[in-house]
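Participant: Before I ask anything, let me first share the structure, which is written out below as structure tokens.
Values quoted throughout were computed directly from the atomic coordinates according to the rules given, and no laboratory measurement underlies them. This is a predicted model, so every value here is computed, not measured. Please note: Cβ atoms are built from the backbone with ideal geometry, for glycine as well, and neighbour counts cover all protein chains shown.
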Amino acid sequence: MYEIRIHGRGGQGAVLAGGILATALVEEGKHVIAIPSFGFERRGAPVTSYLRFDDREIRQMTNIYHPNCILCIDPTVGRATNIFDGIRDDAVWVQTSSKPLGELQFPTQVATVGLCDAVSIALDIFRRSITNTIMLGAFARTTGFVSLEALKAAVHHSDFRDAGLQQNLRALERGYNETTVHHIERRAAA
């Protein structure tokens, strides 16, 4: 079973991103549980969404405390909450950031990092910083767990209207194409 925790801010679509990703994974034959997290979230407040997938049926319905992957759709939410809390060894971190890898701090458990300047892409496409579909493209590029085609099909099944649908399809594709993937070489303990 593979577990993903999605971090964002209220109004950015972290919960919607989890639903789209779940639909795409089902499209590719996976068993999926998407767990939205609702509380006193307000626009701009930290928001978390959870997703599990496997080749077999999943019975576990709890929040995710030890994720294999962190998908962070906001460049600043890491200052408000510990997005790496409980992360497993050999984890994947997919982050919206305009900074190069050398300027970012992350725990040694992270083995793969996907970086995408999703805010710039969002401002270009949507004229506001809604990065969720962009970062789904970044997730697909970084992990290879879901195809761009399955994500496009999932976006088609979502509630986007004509203009919004086309914008989100472009956003998805740009997120996929404009993500840089880094494989972190771990140093052996002395």
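Participant: What number results when the radius of gyration of region 79-175, computed over Cα atoms, is divided by 2.2 N^0.38 Å?
Facilitator: 1.15
Participant: Additional query: Between LYS99 and ASP85, what length in nm is gained on full extension when 0.36 nm per residue of separation is reduced by their alpha carbon distance?
Facilitator: Full extension of this stretch gives 2.9 nm more.
Participant: Go ahead and estimate [θ] at 222 nm for the chain from helices alone: -39,500 (n - 2.57) per DSSP H run with n ≥ 4, summed, over the residue count, rounded to 500.
Facilitator: Value at 222 nm, helices only, nearest 500: -10000 deg cm²/dmol.
Participant: Tell me, which longest segment in the chain has none of the GluC sites (Glu not before Pro) that fall in DSSP loops with at most 10 further Cβ atoms within 10 Å?
Facilitator: Longest site-free region, per DSSP loop and neighbour criteria: 58-184.
Participant: At 7 Å along Cα-to-Cβ for each site, give me the label-to-label distance between HIS183 and VAL26 in nm.
Facilitator: 3.4 nm
Participant: Which residues make up the longest stretch of the chain clear of chymotrypsin sites (Phe, Trp or Tyr not before Pro) that lie in a DSSP loop with no more than 14 other Cβ atoms within 10 Å, not counting the sites?
Facilitator: So the longest stretch without any such site is 66-190.
Participant: While we're looking at this one, here's another question. At a 10 Å Cβ-Cβ cut-off, how would you order MET61, MET1, MET135, fewest neighbours first?
Facilitator: MET61, MET1, MET135
Participant: Which value results when the Cα radius of gyration for region 2-183 is divided by 2.2 N^0.38 Å?
Facilitator: Rg over 2.2 N^0.38 Å, computed on Cα atoms: 0.93.
Participant: Still on this structure, I have one more. Using Cα pairs under 8 angstrom and six or more residues apart, how large is the relative contact order of region 2-183, in percent?
Facilitator: 22 percent.
Participant: Please sort by residue number the trypsin sites (Lys or Arg not before Pro) in region 58-137 whose DSSP state is loop and whose Cβ has at most 11 other Cβ atoms within 10 Å.
Facilitator: Here the trypsin sites (Lys or Arg not before Pro) that fit, given the DSSP loop and packing criteria, are ARG59, ARG127, ARG128.
Participant: Return the FRET efficiency for the residue pair SER120, THR62: r is the Cβ-Cβ distance, R0 is 25 Å, and the value is rounded to the nearest 0.05.
Facilitator: My answer for the efficiency is 0.10.
Participant: Hey, another quick one. Considering the chain as a Gaussian network with a 10 Å cut-off on Cα pairs, which listed residue, ILE58, ILE87, ILE130, attains the greatest mean-square fluctuation?
Facilitator: Highest fluctuation of the listed residues: ILE58.
Participant: Further question: Explain nothing, just the number: relative contact order of region 106-190, from Cα pairs under 8 Å at least 6 residues apart, as a whole percent.
Facilitator: Relative CO of region 106-190 lands at 45 percent.
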